[in-house]
Structure formats: structure tokens, C-alpha cells
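Coordinate-derived values only; no laboratory data. Here the structure is a predicted model, which is why all the values come from computation and not from measurement. We place every Cβ from the backbone using ideal geometry, glycine too, and count neighbours over all the protein chains shown.
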Amino acid sequence: MRINDDSRPKEITSNEIWELYKLLEGLDEHYVFYDRCEVPQDREELFYLAGTAIGDDSMVYEGPDNMGIQLPYSKNEWVVLSLENIANGRKQKVAVEIKVNTLLKKILSEEELLEKKHIRIPKADELKDAEYEERNSGKGTDLTVERLPVNHFPVELTHSYSKKRFGNDSKRAAYWMEKYLRSFSVPYKKDIDLGVTRFTFVFMCKNAPGGFMEGCIWFFDKAAETRVYYNQMGAEICRKSECRQDLLRLLNFINARVFMELNDGGNRWYDPQILYTPRMYLTEDNGYDLSITTMLNYRFWRTAESETDDYITAYQPELLDKLAPFIFGVLKGELTAEDAISGIEHDILNEVE
């Protein structure tokens, strides 16, 4: 987005800070190289420039002199860069603040201000090289096709006149979800459904009919909808069953009582906890799909990113797989609803009489 001087906040008196802000906001490709080491060690990483903020601090005065006069000591104005990338499959966020004391006469160029914080703007050929390296390292990152150059990610700003970017949360979430899927080699298909981006998955499992189940996530404007369901073989068992009334009773129990803790498989990235409560149901479109559905709030997703990513790709299929013997036992007439409920209480909820 191009910035004109008419939008310059009156509190920003430093031309250096203003020109730096304009440079960053006007980038065609919103990426920068950043070396997080205090001493440059040639460890540059490519980061997505998720947002920029501009602001100022209050005037700081020296202690009173012999005559009781306080002289101005510093008046800082700043630009904050919000940077994001994925390394080793985990998302990283970095905020870098570039300050200028407006009471000093030394003038630095935009490039020199960035260099002081070990940041530089990549050239076009460097972006192409980075794209090639990531694709050929197996990460599958697509820096040119799946980039979000139009709508920036919303960021929390601390100053009342700092410019906010009202980005598209759904595009942001879809972008990072795809990065996560590629980082962990989760097979998926991407397309457009109902006018929005949709990812479709296949999950291998041991208890569900056919040894696999399917899932989708839609990135709507206000929230994402994620759904996992048994495959067509499971739907066919349900269609032919004469015990669907017992199934509905079992589903009512599951929705009321079954809340499994989300965990990260023992990696200790976060503590086991209950973050989402999916709803399980039998679809009413004569498809006889048995599905669990969850609505994901984008703001909460940003707060618990790793947990939500794991929920989508691991928790949901794991829950359906654990429930499969009881659900299809009822549909096949091998278990009553009471038998299935008792089995879930014992095997899944670990309730011992």
C-alpha cells in the first residue's frame, strides 16, 4: 500500500522514521531478511512482513540543573516491524523496533536504519532463490503463488494514531495452515468451494471402515469451519442400518459427555487441555455422513496456533477413530446404545466403577 505525506501523523517529526515507514508500507513483496543475532553472523532468515506500526514516545528530560531547569534529553519516534515465518515446523513471531531520537542531528538513510537491526529488503532474484531452496528442501513453501501481498495481517498497535491494517483473517489463516501442512507432510488438496478456500484431507486410521476417514476446512470471512467424517463405506453402513435410532441416542451422549484433552503427542510444546468442543451429528442430506464439526475463531486461532493446527489434523481424526468401534457396533446391531455408552465411559473417558 502506497503512503502519501498527507496521512503523516502530526506527532511524527522525524523524516527518517516517516520515510522508513513509507518504504516498508510500499513494498511490492512483503518480505525482509532478518538476522536475530546481536552480532551479525550471516544467519539471515526470510520473514514475512506481517505489519508495521509507527508512533512516538514522550519527551524525556534530564535532571534539574543548579538553576532548577530541566533540559530535554530524548524524544524517540519509532517504527515496529511485525515479522513471521515458520522454522522446523513451528511458527515464529518477532517484533523489531527501530527508534530515532529526534533531538539528535545525525541523519541515517532507511537502509542504514534497517541495517542497525540486521534487517534488509531482499532483491527480486533473492526471493526466487529462497523459493527454490525451500521447495527443494521438502518444505514446499510457495513464496510467489500463495503469498498474501494484498491484505496484510492485523496487528495490535500501542499508539492511538498508529495505522492499523485491517487484513483478511481468512486468507491469513489459510496461508499459515498450508505452511503447517507442508511442514509436516500432511497430504491435502486445495480448491475453492462455496466461494472460499477449502482444504481436503485424508486421515489413515485403524478402527474406521476402510482404514481411513476424510476431512475438510473452509475459510469463511468470519470463522473457519472444520469437519471430519467417516468415508463412504461408513456412510453406506449407516444408510443400511436399522439401528439409527440407537445411534442418535449414542450421539447425544457423545455431544454431552465426550471432551478429550488436546495434546501434542508428548513433545511438550503445550500442556494437555480442552480448547474446542466439536459437535457430532448425522447429516440430513440423505448422505448418511457421520461427522464432527467445529467453528474456529480466527482471533483465538492466532492465540493458540499450534494447538489449533494439531486439533484440525490430529485431534479430530483421533476422536472419530476412538469412537468408531462403538458407533459402528451400534449400527451393525452388535452393541446396544447402553453397551456403547458403557464402553466409551470405560475406554475413552476412563471412568471406572
Taking the simple approach of a point 7 Å from Cα along Cα-to-Cβ for both H346 and L103, what is their distance in nm?
7.7
Which number do you get for Rg(Cα) / (2.2 N^0.38 Å) in region 163-321?
1.08
Highest first, please rank the peptides 190-201, 220-231 by the mean number of other Cβ atoms sitting within 10 Å of their residues.
220-231, 190-201
Using label points projected 7 Å from each Cα along Cα→Cβ, tell me how many nm separate Y281 and M233, to one decimal.
2.7
Mean Cβ neighbour count within 10 Å, used as a protection proxy, ranking 310-316, 95-101 highest first
310-316, 95-101
Longer than 31 Å from Cα to Cα, which of K10/K123; K93/K123; K190/K222; K75/K117; K10/K179 are they? Say none if no pair is.
K10/K123; K10/K179
